[in-house]
Structures are given as C-alpha cells and as structure tokens.
Amino acid sequence: GAVVSQHPSRVICKSGTSVKIECRSLDFQATTMFWYRQFPKQSLMLMATSNEGSKATYEQGVEKDKFLINHASLTLSTLTVTSAHPEDSSFYICSARTGGNQPQHFGDGTRLSIL
Amino acid sequence: KQEVTQIPAALSVPEGENLVLNCSFTDSAIYNLQWFRQDPGKGLTSLLLIQSSQREQTSGRLNASLDKSSGRSTLYIAASQPGDSATYLCAVSNDYKLSFGAGTTVTVRA
C-alpha cells in the first residue's frame, strides 16, 4: 500500500519550454503533497507544500511564478516548471501523506534536463 | 531552522562487515525521524521510522536508534551485502515538514 506514482521519470527539453510533472497517490487520499528538488550529491530541499483545494505554500527562495503547483484532487498534484532554463535542471521528487504527522510516501522522481 | 548532518559522507566496506551510519540534528523538538534508502537516479524507499517517544526500531538486519535529547540517530546494518550499496538519508520531522541530511553513500565490496 501507500504507492505514489510520479510521471514522467525523465524529461529532456529545450530552454524556454514549460514542463509539467504529475504526482499521484494510487491507493490512498493525500490531503497534503510535497515537492522537493535534489541536486547531485546534495540533500532533498523542500520547495513547496500543497494541500488539496488550496494554494501551495512555497519555501523561502522558491519562485512561485516559476514553479506552479496545483493540487486539484486528493490523488493528484502537478508541478509546472514555466519557461525552463538550464539552471532548472535537477531531480524533482514528490511525496504525499494522508494528513497530520503521518509518514510521507515518495514518488520515484523526475530527472529534468534543460538544454 | 533544523539542520541535519550525516557522517560520514561516504563509506566503503567489504561484504559481511557491519555498517554504522550517523545522523545529527540541531532542533530536538521533533515528531519523528526516518531513515531512507536512495538508489542512483531513483526516489526514496523508507527503511525505518522512529517516533519521538521511541528509542529504537528494528527491521531485519536494520536497527535504528534515537537519542532525541542529544540530537542523534544511528542506523546499524548487520552483515552487509553488495545489495546494500546505496545512499542512506536521514530525515527529521518538525512542524509536519521533513528536513533531510545530505546522505551517506555506502559501497559494499564483494
């Protein structure tokens, strides 16, 4: 149980393109989903927290207009990287939990490469 | 702000040796602590979760201890195998958010 599916697993695209990443909880309802970014050999850094039906809460230093997050249902959150540039290349991972202080369950991540 | 540190950053051992991975955190007001495994280019697999009221958790060859007052946790992996080669991440939960360490990359040599 507690499976989180993230799609796509890898994206390669040209600079200026907008890229959408989906995160789905397959067998549970996720009231809260999280988006992380990970650079090579570094820790996961929380980008934003999204609760179903409300606006995402972004961490300090994360551009809201650059990284658009939508959590329209209890099983789906999307992260859109708008007008992506090479510096946005990274590994993006989502997680989901049912609520409160329940454990987070992680997706397999998306490798984004901007040429 | 919670700071999580993992030492060592990398570790190489021969097969069969026991592994000891360390994690320290600055804010002891945590809800729980988790150990994860991450294979190259992959997401996270949860290994053990220790609630703040617990001192340790065990699963198979894995044992994790927690000393909340000193801000430390240790992950022990007994009788290591080449399949244990991966990066191990420690994460602590404060205010319903997770703060991660940078990880310890383990290589088990056959």
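No value in this document is a laboratory result; all are computed from the given coordinates. Note that the structure is predicted; figures quoted are calculated from it, not measured. With ideal geometry, Cβ positions are generated from the backbone for all residues, glycine too; neighbour counts draw on all protein chains shown.
Name the residue farthest towards the positive end of the dipole of chain A from the options A:33, A:19, A:51, assuming +1 on Cβ of Lys and Arg, -1 on Cβ of Asp and Glu, about the Cα centre.
A:19
Past 20 Å, Cα to Cα, is the threshold; run B:1/B:97; A:55/B:97; A:20/A:66; A:66/B:42 against it and keep the listed order. Display every interim value, and only then the final one.
On the way: B:1/B:97 11 Å; A:55/B:97 17 Å; A:20/A:66 12 Å; A:66/B:42 24 Å.
Violating the 20 Å Cα-Cα cut-off are A:66/B:42.
Please report, in cubic angstrom per residue, the volume enclosed by the convex hull of the alpha-carbon atoms of the range A:45-115. Write down the numbers at each step before the final one.
Values: hull volume 7.1 nm³, N = 71.
Once divided by residue count, the hull of the range A:45-115 is 100 Å³.
When the Cα centres of the range A:61-86 and the range B:25-55 are compared, how far apart do they sit, in Å?
With the range A:61-86 and the range B:25-55 each reduced to a Cα centre, they are spaced 26 Å.
Give me a single rounded figure for A:29-42: the average over its residues of other chain Cβ atoms within 10 Å of their Cβ.
Details: counts 0, 0, 0, 1, 0, 3, 0, 4, 0, 7, 0, 0, 6, 3.
The mean count of partner-chain Cβ atoms within 10 Å per residue comes to 2.
Which order do peptides A:20-30, B:92-102 fall in by mean Cβ count within 10 Å, highest first?
Values: A:20-30: 18.6, B:92-102: 20.2.
The densest-packed peptide leads the list: B:92-102, A:20-30.
Quick one: Karplus J couplings for the range B:90-103, per residue in order, coefficients 6.51, -1.76, 1.60, θ = phi - 60°, nearest Hz, x for Gly and Pro?
9, 9, 10, 9, 10, 6, 6, 10, 9, 10, 9, x, 7, x
At a Förster radius of 22 Å, what calculated FRET efficiency corresponds to the Cβ-Cβ distance of residue A:13 and residue A:59, to the nearest 0.05?
Numbers: r = 25 Å, r/R0 = 1.13.
Plugging the Cβ-Cβ distance into 1/(1 + (r/R0)^6) gives 0.35.
Please average, across the residues of B:97-110, the number of beta carbons from any other chain that are within 10 Å of each residue's own beta carbon, and give a whole number.
Values: counts 6, 9, 4, 7, 2, 5, 5, 0, 1, 0, 0, 0, 0, 0.
Mean shielding by partner chains, rounded to a whole number: 3.
Each residue of the range B:42-55 in order: what ³J(HN,Hα) in whole Hz does its phi give by Karplus 6.51 cos²θ - 1.76 cosθ + 1.60, θ = phi - 60°, with x for Gly and Pro?
Once rounded to whole Hz, the list reads 10, x, 9, 10, 6, 9, 8, 10, 10, 6, 4, 7, 9, 9.
Short version: ³J(HN,Hα) in whole Hz for each residue of the range B:56-69, in order, from phi by Karplus 6.51 cos²θ - 1.76 cosθ + 1.60 (θ = phi - 60°), x for Gly and Pro, what are they?
Taking θ as phi minus 60°, the curve returns 6, 9, 10, 8, x, 7, 9, 9, 10, 10, 9, 10, 5, 5 Hz for the range B:56-69.
Please find the FRET efficiency linking residue A:102 to residue B:9, where r is the Cβ-Cβ separation and R0 is fixed at 22 Å, and quote it to the nearest 0.05. Numbers along the way, then the final one.
Values: r = 30 Å, r/R0 = 1.38.
Taking R0 as 22 Å, the efficiency between residue A:102 and residue B:9 is 0.15.
Please find, in a Gaussian network model of chain A (springs between Cα atoms separated by less than 10 Å), the residue of A:43, A:18, A:89 whose mean-square fluctuation is greatest.
Most flexible of the set in this elastic network: A:43.
State to the nearest 20 debye the size of the charge dipole of the protein assembly as shown about its Cα centre, where the only charges are +1 on K and R beta carbons and -1 on D and E beta carbons. Working shown, then result.
Values: 20 positive and 18 negative charges, 46 e Å.
It comes to approximately 220 debye.
According to a simple spin-label model (label point 7 Å from Cα along Cα-to-Cβ), what is the distance in nm between residue A:45 and residue B:81?
Here the modelled spin labels are 3.7 nm apart.
At R0 = 30 Å, how high is the FRET efficiency between residue B:53 and residue A:3 if r is their beta carbon distance? Nearest 0.05 is fine. Don't jump to the answer; show the numbers that get you there.
Values: r = 28 Å, r/R0 = 0.94.
Taking R0 as 30 Å, the efficiency between residue B:53 and residue A:3 is 0.60.
With +1 on each Lys and Arg Cβ and -1 on each Asp and Glu Cβ, and nothing else charged, work out how big the dipole of chain B is about its Cα centre, in Debye to the nearest 20.
On the way: 9 positive and 9 negative charges, 22 e Å.
Charge dipole, chain B, about its Cα centre: 100 debye, nearest 20.
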